[in-house]
1. How large is log10 of I(q)/I(0) for segment A:20-67 at q = 0.14, 0.20, 0.31 Å⁻¹ when the intensity is taken from the Debye formula with one equal scatterer per alpha-carbon?
2. For the protein assembly as shown, what does -39500 (n - 2.57) per DSSP helix run (n ≥ 4), summed and divided by total residues, give at 222 nm, in deg cm²/dmol to the nearest 500?
3. How big is the equivalent ellipsoid of chain A along its three axes, where each semi-axis is √(5λ) from the Cα gyration tensor, reported in whole Å from largest to smallest?
4. Could you give, in nm with one decimal, how far B:ARG107 is from each other copy of that position, shortest first, with labels 7 Å out from Cα toward Cβ?
5. I need the calculated FRET efficiency for the pair B:ASP46 and A:SER137, taking r as the beta carbon distance and R₀ as 22 Å, to the nearest 0.05.
6. Mind listing the label-point distances from A:GLU80 to the same position on all other copies, shortest first, one decimal in nm, points 7 Å along Cα→Cβ?
7. Please average, across the residues of A:190-200, the number of beta carbons from any other chain that are within 10 Å of each residue's own beta carbon, and give a whole number.
8. If you put a point 7 Å past Cα along the Cβ direction, how far is that point for A:LYS92 from the same point in each other copy, in nm, smallest first?
Protein chains: 2
Amino acid sequence: MKKQGEAKEGAKRGRGRPRGATEQGLETRQHLYETSLRLIAARGFDETTLRDIAQEAGVSVGLLYRYFPSKRAIVLALYEELSARYAEAAVKMGVGPWRERFLFALRTSLEVLGPHREPLTALVPVLVGGKEEGLFSPGTAFSRLRVQGAFVDAALGATDAPGGTTGPALGRVLYMVHLAVVLWWLLDKSPRQRATDGLIRLLERLLLPASLALKVPGAGAFVRTADALFRQGLLGEPAAPGDAGEEPAS
Amino acid sequence: MKKQGEAKEGAKRGRGRPRGATEQGLETRQHLYETSLRLIAARGFDETTLRDIAQEAGVSVGLLYRYFPSKRAIVLALYEELSARYAEAAVKMGVGPWRERFLFALRTSLEVLGPHREPLTALVPVLVGGKEEGLFSPGTAFSRLRVQGAFVDAALGATDAPGGTTGPALGRVLYMVHLAVVLWWLLDKSPRQRATDGLIRLLERLLLPASLALKVPGAGAFVRTADALFRQGLLGEPAAPGDAGEEPAS
DNA sequence: TATTTTAAGTGAACGCGTTCACTTTATTTA
DNA sequence: TAAATAAAGTGAACGCGTTCACTTAAAATA
């Protein structure tokens, strides 16, 4: 059953060094991926060792590192898969004000991630911004931007979308709120994570006054300031002139 | 210079098994504590190995585990020391409305933690609630309650303190907001963590309308619901009857 | 087909945090 | 003072994620 042709596309494979370049390689990668997630989902992340995975998959430990740069990267691959699936699901957003579209986007996200909570909890240290890996580093920028795009769309395509640069800024702020909810959900110790439902209901109640407040003059600046802060604090982007957080030249 | 008397107090030392029971033990513990933090502050947490610390302190690796149950516990001891210092500093809170008292408590906290940011970043995974250790586990309950107490006081002693059970609930919610800001500060990648200043200014702007909103009927229930959610989600406490997050009996 | 090149795969070894059986030193009891 | 007890201190060893020098197998080139 093992074919062995097609090595056309050649150089441009990009990123790391030697990944699955041949068909057999891709098959192995998929096999390791599935085996890993199956064990992690069953036993938990810390309780599953790479030696366990290698043995279960019938390969040597070293081979895992040909396909995944670290143990956590396996779960990160799951997140990337889910974020692609999420992007598909999020296009079905209906017309309406941004707060309703945001809630739809948020609920959809939790529905997609829902069945894989156990493995995903291993990403908390990553979500929360470890050194070089993690959601806010260049490596995973693609996934982040894809999901963030759904929230920017939710804001821009709304019946009450704010104009100018406030629209995209609102979208990015909503994406951050969404990330906070996901983090909460991952940490939620209540049975069946019911406290997350409560949190979303709370958010819902907050969102109506917030959307009214956004119509008063000056509120747009507030949103843009928040957006700028997130980019400076989490992404380490330099402060643009006029952004909050600058010190006045003394 | 080494005295060796006084083993009076005997049994009740509590917690773990064999800690510094003799004077020499306490000296050694302090020595290891200071050496560890000096190295960690200089090189970073991950870059400082226990073998480094042991060598620098002139002891064996194993000895570290007589005084600290884990590497992170060393930094946790620092946090406990700082939280005690914070509790002292926070009593100097002036009279005024709760939003001003809260901002004072928040700023004081960041001032106390400020000089030790580098070691404290190692606590992010802990803050964010790893398994058994961490801020929301019984082991560190004492520090948590001490700091939380300052925020509850800030609410209860305010000129506009809400009555009934809403007062303490507001205090606990403000403590959670404070924790979120501290987490943000630890993750803040901007130069000199300037984005944190911006975040606090944003909070400031939000707090005035919030304190007005708290006066309308029903807002107290909102605060109590938020408080209940935090306790269920983060602490895993059971939902009390009447709390949000319960499912209606079907 | 024989030869070279590249990808797939191995398993021992490393450095880390942590544990443990053990020795040394101090304190209490006889 | 001598024996018994408990705390202080040691260093080898363990299990983990990760790395590396290496072998095997497949594809490209001759």
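1. -0.31, -0.60, -1.18
2. -19000 deg cm²/dmol
3. Values: eigenvalues 284, 92, 65 Å².
Here the semi-axes work out to 38, 21, 18 Å.
4. Label-point distances to the other copies, shortest first: 4.3 nm.
5. 0.85
6. Values, ascending and in nm: 4.3.
7. On the way: counts 11, 4, 1, 3, 8, 13, 4, 5, 12, 8, 0.
Other-chain Cβ atoms within 10 Å of each residue's Cβ, averaged: 6.
8. Label-point separations across copies, in nm and ascending: 5.9.
The values are calculated or read from the model by the stated rules, or taken from the named source; none is laboratory data. Just so it is clear, the structure is predicted and the values come from calculations on it, not from any experiment. Here the Cβ is made from the backbone with ideal geometry for all residues, glycine too, and neighbour counts use every protein chain on show. Ligands, DNA and RNA are excluded from the accessible area calculation, which covers all protein heavy atoms including side chains. Shrake-Rupley method; radii C 1.70, N 1.55, O 1.52, S 1.80 Å.
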